[in-house]
Structures are given as C-alpha cells and as structure tokens.
Amino acid sequence: MKRCPQCGREYDKSMMFCLDDGAELLYGPASADEPATAILHATAPPGEAPTRTQVHLSEQTAVLSAGTGDIVPQSRSLDKRLVMVPIALAVLVLAGFVGYRYFIPGGGQINSIAVLPFTNATGDMETDFLTDGIAETLINNFTKIPELRVTARSTAFRFRGREGEPMEVGRELKVGSMLTGRLMHRGDQLSIQVDLINTSDGAQLWGNRYDGRTSDLVSIQQRIATDVSQQLRLKLTGAQQQEISQTYTQNPEAFQHYLRGRHHWNRRTSDAMVAAVAEFQKAVEKDPAYALGYAGLADAYVLQQEYGSGTSNETISNARAFALKALEIDPSLGEAHATLGLASHYAYQWAEAESHFKKAIEMNPRHATAYQWYAATFRDMGRYPTSLEIVLKARELDPLSGIIGVNTGLTYALSGDTGSAEEQLKRVIELDRSWWGGHFWLGLVELIAGKRDDALRNLEKGVEMNRTSRTLGTYGFALAVSGRKGEALQIARELERDYKRAGNFAVNIAAIYSGLGEKDTAFEWLEKAYDDRNSELARLKWWPQTVPLRADPRFKSLLKRMNLPE
C-alpha cells in the first residue's frame, strides 16, 4: 500500500499522487504501529558525486545524517515541486484536449468545405442529374450557415473526377474539408456512399452508406445533410438545423423533376432552357406547394430569351409570376428576389431591380448569382466602378464560374482596363474550352479594344460552338465594320427570317445594320426590340454595336424611354 504523508489517506500502489492534496505518495505503514519506510534521494548537483544521502520524511520518516547513520528528526514540510507535478500534468491534458478539439484537423469544428459532384457509379448518363443534383442541394443548404464557408457550385464542379486528390483540392480551393459521394442506381434501388475528407492530410474523417429506393431520395438527402453537419460539428440553432436539411418537398417525383430541371438550366443553351422549363413544370404539378419548383421556373423563364428562345414580353411576365408564387409559399427564398431583380432589369425598371437584389443578398449573402446580376444592372446603367466592385464580390464567392468570369472581364473592359479584361477571359477559355461564352465575350472585348482581327477570330469561334441570334448578330457587326459587308448582310437576312418565325432578338439585326451604316434600318429594328422588351436591348448604353448610332437623336430618345441616362 501507499499513503499520503500529509493526510494519511491510503492508496493502491499503482497511484503516484494524493487526489486530495497532490502530495507524492510514499510506501509506508498501513497503520501507525508499523515501522516507517525510508525513501533515499540523491541530492548532489548533476555531474557531481552525492555528498550526502537524505530521506524526506513525514511524521513517520526521518533524515539519515551523512556519515553517522543517525536518524535526525525533520519537521514536516511539503516540497512545492511535488504539488506542481500534478498541476502541470492537468494543464498538459487540458491543452491536448483543446488542441485536438479545436486546432488539430478533424478534432474540432470545420469552418470550410467543398462538395464535389458525386460520382455516377451506374454508368448511365441519364442519372447524372441525380449525382449533380444531390451535391448542389447540399451546397445550397450549407451556404445558409454563416459559420461555414462553402465553395460555390460552379467552382466546386470544376473539380469533377479529382476525388482522389483531397490535399490538392484543399490547397487550390482553400478549404479544410471535402465531401465526396458515389451513387449506384439499379432499377428502383439506390445506394449512396458519402465520405468527408480532411484536406490537410487526406485522412477520412467520416463516411456512411445510405441505401433505399428511389422513392426514398428526399429522406436520404435530408439524412445526408443532417449527418454531415453533425460531423462538421457546427453549432446550429434549431432554425439552422431545419434549414440545412430542407428539401422544400416530400414528394420524391417532384424532387427528381426539380433536379433534372437544374441540370438542364446549368447547361445554359437554348434547348436546355426549354427542357428546364418542362421539368420544373412537372415538379410543381407533382407538388403544387413546391416553392423551389416555382423558383426554378422563374429562373428558366428569365434566361430563356437570353439564350435564344421565346420573347421577352412572354418570358419576363412568366418569370415574375413564378418568382412571386415562390415567395408567396416561402417569403425567405432570397433566390426568388434575385430573379425578380433580373426581370425588373430586363423591363428597364432599374430602381425596382436594385431593391430586389438588395433583398436577395440580405437573405443569402453568399448567393454569387445575385451579385452577378446586380453587377450587370449597374453596368447596363453605365455605373461601371460600382458594377466592377460588385462583380468582383461574385467572383470571390465563385472564382471558377464561367459566366461570372465573362461578366468580370466585360466590366473590366468597360472600366477602361482591357488588359485585365482579356486576361480574365482567356482564363475562362482555359478553364472550359468547350464553352462558347469564353470565345464570344473575348471577341466582344477585343471589339471594344479596337482589335478587329482578333475579335473576328473569336466571334467566329463562338458562332461555330453556338449558332444563335446573339453570336450571329455580333459576328455580323464585326464583319460589317471590317469591310466584309456581303457576309454581314447575308447574316442579317438569316436573322430576319428567324425573327419572322420566332420573334426574338430584333436588337441583333439592328446591330448588323448599324455596322453597315444603314441607320434608318437599324433604328427600325431597335424600335421592334423595344416593343418586344428585348433583354439584349438593356445593354444599349455600352454595346459597341451601337457606337455608330449614338450621335443620333433617336438613340437618345430610346435611352430616355428605357430610363437610362444619356
């Protein structure tokens, strides 16, 4: 047995210090009648031979006097170093816990994450909407948590196929964790493996597999969101816990139609926008109270004409109606306010547009698209410094987004910095050489910079990749001002035939006649564009295609009717 020399409390021999007063335990008698045991301590300085031998004693111990062997009584005293030892140990234990809990990767709350697109292990491209849609839903839910920095969808999805490079992904995206998933879909059976990776060392922090039927997709997505938030050790309020797992519908078919709609919408082509409208429509038919479904319809309609289908009078009206319906069901849906902002922008209602964008950003300060559209509103009003400030915020939130990248480049050019503009747009092309937008907008910026030969090459490339009224109209203008008037007129005739059939983009026909020097014909088409409330016409103030027309009083009259300053 051991006992404390201060309080006399007895302990098992495995203990070192007293739990009451911290004194070092000594081997000693279990009772006062037993003889004391002396513990010898060498007290010579390091490197020297001992000069005496001492024994530190309590009431039952004594000091052996050097050279005599006599026992000399010693008054009871406590070596302070003995008290400090357990205190030091306690401090070390506490420091280790705090370090593990809050500083060592994986030990504490994680404040940044990138959700990569899930892998489609089925091999069926028809189920890509599920893998991308689940990842995008998680991203949208996580962005509602102020303490968590979440990589935006456009940027995170650039890392598709790099699930095996967590440390590289973490370094490039500057995030502490990465969420990956693998989906297997056979018939009605669904299996999703989800893994949370520490990007500092590539270690797996957590993983889980979710099995069920396709009809269980909504509940599976909710469970994934909840489980991941717990593993991130986020300190969530009750309202935040609900938001992070919110799907807005419990109808699995409505949810799948919504995911299909977003899959098409993100492709940003004319056919894709039409397909997106069809899928979102099916979603709200399955669940008439599905706020996100109506928000999706609003988003698809507000961009439908811009990407080559429908007329503004119809599409903008539908966008407004569905955005308002989404807000009627869920007033906290900031994305719907962003859509209303863009619809107001295209209707030349600038103050109303600004009000909606402010509400959208207030509700969701990390909604990069809201900043992008907000910046475009200031740009079209001619307020380029403010536009640049806002679009750079959008780029900060979603640095690898192609559409934000081209808007950034364009705003640089209009602000007088064509060097930064071209650098930005070349970076967009490097990131995605299959997207027409990089070449088209680089060509437009080169037109602004007066580099007509370079502009023609890139604009022609844009037409080859995406033959629409927009790309053809701008290419036709560039041909006209470069002296290739026959080719330009041929494109104008083609667009006139398309206008009679589809009724869209009169402004692009006007652009070609502007380049040809036929001002009267150009203004006739601009008036048709105004009557159509053409979305492209909102760019009238800064468009390089209108440079030959700006001195004409009819141009100033049109600006005034569009509530734009001269």
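The values are calculated or read from the model by the stated rules, or taken from the named source; none is laboratory data. Since the structure is predicted, the reported quantities are computational estimates derived from the model, not experimental observations. Cβ placement follows ideal geometry from the backbone for every residue including glycine, while neighbour counts extend to all protein chains displayed. We work out accessible area using only protein heavy atoms, side chains counted, and drop any ligands, DNA or RNA first. Shrake-Rupley method; radii C 1.70, N 1.55, O 1.52, S 1.80 Å.
Miscellaneous remarks
- Output for segment 247-268, where each listed residue is at pLDDT below 90 and either within 15 Å of Lys282 (Cα to Cα) or touching a Leu at 6+ places or on another chain (Cβ under 6 Å) (or both): Tyr248
- Scope segment 106-128; condition open to solvent by less than 10 Å² (accessible area, probe 1.4 Å), closer than 30 Å to Asp188 by Cα and touching a residue at least 60 places away in the same chain (Cβ under 8 Å); matching residues: Ala114, Val115, Leu116, Phe118
- Residues located in segment 520-547, provided they are open to solvent by 50 Å² or more (accessible area, probe 1.4 Å), touching a helix residue (DSSP H, G or I) at 6+ places or on another chain (Cβ under 6 Å) and on the phi < 0 side of the Ramachandran plot: Lys528
- Residue count for segment 225-247 satisfying the condition of being under 16 Å from Ala291 (Cβ atoms) and open to solvent by less than 50 Å² (accessible area, probe 1.4 Å): 2.
- Set Ala336, Ala351, Ala321: member being part of a helix (DSSP H, G or I) and under 24 Å from the mean Cα position of the chain (by Cα): Ala336
- All positions within segment 129-144 that are among the polar types (S, T, N, Q) and part of a helix (DSSP H, G or I): Thr131, Thr137, Asn140, Asn141
- Annotation note: of Glu314, Glu328, Glu362, the sole residue that is touching a residue at least 12 places away in the same chain (Cβ under 8 Å), of a type outside the set (Ser, Thr, Tyr) and open to solvent by 20 Å² or more (accessible area, probe 1.4 Å) is Glu362.
- Selection count where residues are over 25 Å from Thr143 (Cβ atoms) and either out of contact with any Leu (no Cβ under 9 Å at 6 or more places or on another chain) or open to solvent by 50 Å² or more (accessible area, probe 1.4 Å) (or both), scope segment 386-434: 11
- Applying the condition of being open to solvent by 10 Å² or more (accessible area, probe 1.4 Å) and part of a helix (DSSP H, G or I) to segment 285-296 and asking which residue is nearest to Ile316 (Cα to Cα) yields Tyr294.
- Pair list, Cβ under 6 Å, 6 or more apart: segment 210-227 residue at negative phi, other residue of a type in the set (Asp, Glu): Arg213/Asp188; Thr214/Asp188
- Within segment 365-385, if we keep just the residues that are open to solvent by 30 Å² or more (accessible area, probe 1.4 Å) and part of a loop (DSSP other than H, G, I, E, B), the residue that is nearest to Gln349 (Cα to Cα) turns out to be Met381.
- Whenever a residue of segment 254-276 is part of a helix (DSSP H, G or I), its partners that are of a type in the set (S, T, N, Q), lying with C-beta atoms within less than 6 angstrom and at least six residues away or across chains, give the pairs Phe255/Thr249; Ser270/Ser309; Met273/Gln304; Val274/Ser309.
- Hey, Ala351 surrounded by fewer than 21 Cβ atoms within 10 Å (Cβ to Cβ) and among the small types (Gly, Ala, Ser) or not: yes
- Residue match in segment 448-458 (condition: within 38 Å of the chain's Cα centre (by Cα) and closer than 14 Å to Gly437 by Cβ): yes
- When residues of segment 331-348 are limited to those that are polar (S, T, N, Q) and open to solvent by less than 10 Å² (accessible area, probe 1.4 Å), the one farthest from Ile361 (Cα to Cα): Ser344
- Selection status of Gly476, of a type outside the set (D, E, K, R) and open to solvent by 10 Å² or more (accessible area, probe 1.4 Å): no
- Restricting segment 167-224 to residues that are of a type in the set (S, T, N, Q) and not in a strand (DSSP E or B) leaves a set whose member that is surrounded by the most Cβ atoms within 10 Å (Cβ to Cβ) is Thr199.
- Each residue in segment 253-280 was checked for being more than 24 Å from Asn534 (Cα to Cα) and open to solvent by 10 Å² or more (accessible area, probe 1.4 Å), and 8 pass.
- Residue within segment 138-145 that is open to solvent by 10 Å² or more (accessible area, probe 1.4 Å) and free of Cβ contacts under 8 Å to residues at least 60 places away in the same chain present: yes
- Check on Asp299, of a type in the set (Asp, Glu) and closer than 30 Å to Glu165 by Cα: no
- A count restricted to segment 145-166 and to residues that are in a helix (DSSP H, G or I) and basic (Lys, Arg) stands at 2.
Conditions (1) aliphatic (A, V, I, L, M); (2) in contact with a His (Cβ under 7 Å, 6 or more places away or on another chain); (3) touching a residue at least 24 places away in the same chain (Cβ under 8 Å), marked per residue:
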| site | (1), (2), (3) |
| --- | --- |
| Gly334 | no, yes, yes |
| Thr339 | no, no, yes |
| Ser344 | no, yes, no |
| Ser401 | no, no, yes |
| Ala421 | yes, no, yes |
